[in-house]
Amino acid sequence: MLDPVSALPSNVVIDIFRKIPLNDIARCMLVSKRWFYSLSGWGVLWSVIDRSTWTCRTTDLPEDGHYMLYTGSDDIHGFDSGIARVNFRYQQHRRWLRDSDIWLMVRRAGPALVKLVINLEMRVTGAGMHSLIQCYCVNIRHLEIRANGNLEIGLLQELVTKIGARLETVVLVAVKIGNHLVRSLFLFAPRLKYLNLSYCQDITYEAFPPADAIECNALADPNKDSDDESDFVQTGDTESSISLVPSTSSAIVWDSKTMASIKNRSNPKGTIYLPKLETLRLCVCQDIDNSAISRIINTFGDSLLELDISKTNVTLQSLYEIASTAKTCNFQKVGSFHNTVDKNRRRKSGTLLLQELNLAYTRFLINVNIFGVNMSRDPGLPSWEVSDFAATVPWLTSLRIGGENKYVTNEFVEQLVVNLTMLTTIGIHDCENLTDAALLSLATHCSKVEVVDIRLCSQFTDHGVIALVQSCHGIKDLGLAGLSISDESLIVIGDTLRHLQVLVLDMCQRITAEGIKGAVEGSDGLGCQFTLKKLTFAGCANLSAEVVDWCRRRLSSDALVACMIERLSFS
C-alpha cells in the first residue's frame, strides 16, 4: 500500500489535511516519521488554532452522556454573555491547554497563523502568548481570548504593538485590560473591523479618541515633553502612510500631538489611519457612560454597523448623543457594508449606517432637555420626540431597548416603530409599563419583523399577542416567557407562523398541553412542526413530562425541547 503523503503531490495532501481539525492532525503525526515531519512542517495546516472546531473522542466524554462541544457562540437574548453557553461538564472532562501546547502550535504555524482562539484556558499565561511575538506571527487576523485572568496588560499591549498590523477581529471577553490597551488597538490595528470588549470592567470613555480639541487639551500628558520624539516609532500597514506614535504603549494618550497625527474629516493632513470599525461590543462594561457615546460616534460613525452597550452605565440620553453627534460630524461618505446590505444605497448627510443597537438593561434615567421634552411632567408617561434619532439611523434593523425600565412606555414604542420602518428585530422585554397598545403599534408598523422579544412584560395579554402574530407572518424567533397568555395565542401561532424556528414559553402559567399541541400542529395539522428548532416551556405548572415526549415525536430530530417539571429537567 502506497503512503499517500509520499505518493500524492504536496498541494493535494495539504488540501486534504486542511479539512481535518488540529487535534486529529496531531494524532496523524504518530503514523510515521515522514508524516510527523511533513505535517509539522506545513505551517498552513496550523494557521487556525481554534479548539471549538476540534473533534472529541468518546473516551474523553463523561459516561452520563450530557455533553456538548463548545461552539464559542455568545449571542443570548440579544446581548453578549461571553461564556454563558459553555458546557462546564465537558470542560471538566477535557485536557486544559498549557503554555507549552500554545508554543508548539504557534511555532509550527509561524507567520502562516491567521486565527487564534483561547477560550476558558485557565492555564495559559503570558509565556504562552509571548510565543506569538517570538514566532513572528505578524499575519494574524483573528485574536480571541475569553475568561483568562493570567494575562498582564503589558503583555497584551506588546502583542498589539508587534502583531496588530493585520488584525481584523479582536475579542477580549472577561480579560483584564485598560484604556491604554484599547488606545493601542486603535493606533496599531488599522484594519480592525470587529472589537468585542464585553465584561471588561476597567474601560471608560477615555479609551476612545476625544471629539474636539477642548477634550484633547484636557487629556494632554503634562509630564510628556512635546519636543522629544526619541520614544516614537513607525506604525501602520503597507497600504497606509507610515506614522509616528509612542513606542511605549502605556504612554499613549489622546493628547494634542497624537490627535494632530490622526487623519480624519477635520484633519486631512494626518498620517495615522484609525480603523474603520464595523462592530463594537461593550456589554457589561459598567464604566461606559454617555460621554463615551459621542466619542464612539464621532470616531467610527462613518463605518459602524453594530453597537452593543447593554448593561452599561448609559442612559436614554445616549439616543440624543447619537443624533446630535451624527449631525455635527455630517457623515456623507458611504462606509463598508455587510453582504446583506445593498451597497448601492445612498445616505443623506448627517445619517449613520448603524444597523444594530443594543441598549438592554442600561440606566434609563430621565435627563432634562432631551429632545426638548418638558421633564416636569410625569416621568412615567413622557412625550418622547425620537424623530431626530430615527432620522439619524434610517438603516436600523435591530433595536433592543428593554430591561426593567419604567420609562419605556406605549407612546415611546409607538414613535420608535413609526419612524424605524426597517426593523426586523425588536426587544422590549422586562418593561412593566407596556400594555397591548405597544404590541398593536408593532403589528401596525413593523410587518417585516422576524425576531420579537417581549418576555416578562406583565401587562401583555392574548389580545396584543394575537394581533402581533396575525400581522407579522414572517416571525422566526418569538420570546413570550412570563406573559399572561392562554392556549388561544398558541393556536393562532400554530396557524399563522409557518416559518417559526424558536418559541420560548417559560413561566407561562396559563398554557396547557392543548396549547402546545396547537402551536406545533395548528388547527390544520401542519403548524410549525417542520420549522421549529427550539421549544422551551420551563416552569409551566400545567404541563407534564408527557408533553415533552409528544413534542419530541412530532418535531424534527435536531429540535431542542426543554422543560422543567418538579425540578426534573428534560432537554
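The values are calculated or read from the model by the stated rules, or taken from the named source; none is laboratory data. Just so we're clear, the structure is a prediction, and the values are computed from it rather than from any experiment. All Cβ positions, even for glycine, are placed from backbone atoms using ideal geometry, and neighbour counts span all protein chains on display. For the accessible areas, the whole protein counts, side chains as well, though only heavy atoms, and no ligand, DNA or RNA atoms are used. Shrake-Rupley method; radii C 1.70, N 1.55, O 1.52, S 1.80 Å.
Quick notes on this one:
- Summarising the label geometry, the points placed 7 Å from Cα in the beta-carbon direction at Ile14 and Lys162 lie 2.6 nm from one another.
- Extension reserve of the Ser52-Leu560 stretch, reckoned as 0.36 nm per residue once the Cα distance is removed: 180.8 nm
- Pair Glu488, Asn139: separation of 7 Å Cα→Cβ label points (nm): 6.5
- Between Ser387 and Ser447, the FRET efficiency estimated from the beta carbon spacing at R0 = 22 angstrom works out to 0.60.
- Arg553/Leu30 FRET efficiency (R0 45 Å; Cβ-Cβ; nearest 0.05): 0.50
- For segment 515-531, backbone phi angles converted through the Karplus equation (6.51, -1.76, 1.60; θ = phi - 60°) give residue-by-residue couplings of x, 4, 5, x, 5, 7, 9, x, 6, 9, x, 9, x, 10, 5, 8, 10 Hz, Gly and Pro being listed as x.
- Segment Ser291-Ala260, length gained on full extension (0.36 nm per residue, minus Cα span): 9.0 nm
- Taking a point 7 Å out from the Cα of Lys533 in the direction of its Cβ, the residues of segment 478-492 whose backbone N falls within less than 16 Å of it are 478-479.
- Extension gain for Lys327 to Ala541 (0.36 nm times residue separation, less C-alpha to C-alpha distance): 71.8 nm.
- Probe 1.4 Å - accessible area at Trp103, Å² to nearest ten: 100
- Arg123-Gln509 FRET efficiency (beta carbon distance; Förster radius 51 Å; 0.05 resolution): 0.65
- Taking label points 7 Å from Cα along the Cα-to-Cβ direction, Thr421 and Lys276 give a separation of 2.9 nm.
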